[in-house]
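The structure appears right after this line, and notes come after that.
The values are calculated or read from the model by the stated rules, or taken from the named source; none is laboratory data. Quick caveat, the model's predicted, so the values are computed rather than measured. We place every Cβ from the backbone using ideal geometry, glycine too, and count neighbours over all the protein chains shown.
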Amino acid sequence: MKKTKIQIIFCYCIFLSGLYGFDVSALESDADQPITIDSNTATYDDASETSTYTGNVISVQGSIRVNSEKLVVYLKDGDAEKLVFTGKKAKFKQTPSEGSEDIIGEALTGEYYPKKNLLVLIDEATVWQGNAIYSSNLIEYDIKTSLVKAGEKSSDNKRVHVILKPKPKK
């Protein structure tokens, strides 16, 4: 890696760490916010343009928060194209709009595509949205529209389990 690239990455990390403590609640612009990552270890491979983070990984982009054991960030021309998080039920949380309930999910593997506003939860995936619970081996979540799609069209053997709870009476 060239010295100037190391300096740029170092400055970028300093900039991101300064933003981490700042509460960003502009939910419409989650995709426009920087992604901040905290972990026990971090490595960057210039040849493959990947960053790998391990150990109590916390990644935040606006109101989106993901906790995992491992995170691999695939970069293309310096931009994050895909983030793959894994762990014993990696967890995510997002506030879809001001005043609404958080959407919470978990899975053994997750793939986040920042430019597409798409989160894909794979293997033992569950999403809680309001009074509904969605469980499947594959759940796609459109972060911008809060649309949840569960199940695989290619298989009748893999079922989706949904629970719709009545709202509590006041």
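For region 112-156, taking the residues that are in contact (Cβ under 8 Å) with a residue 60 or more places away in the chain and basic (Lys, Arg), the one that is nearest to Pro166 (Cα to Cα) is identified as Lys144. Got at least one residue in region 61-72 being within 10 Å of the chain's Cα centre (by Cα) and among the charged types (D, E, K, R)? Checking region 61-72: at least one residue is within 10 Å of the chain's Cα centre (by Cα) and among the charged types (D, E, K, R). Within region 111-170, how many residues turn out to be under 26 Å from Asp32 (Cβ atoms), of a type in the set (Lys, Arg) and assigned to a loop (DSSP other than H, G, I, E, B)? Of the residues in region 111-170, 1 are under 26 Å from Asp32 (Cβ atoms), of a type in the set (Lys, Arg) and assigned to a loop (DSSP other than H, G, I, E, B). Within region 33-90, restricting attention to residues that are modelled with pLDDT of 90 or more and not in a strand (DSSP E or B), which residue is nearest to Asn117 (Cα to Cα)? Applying the filter and picking the extreme gives Glu49.
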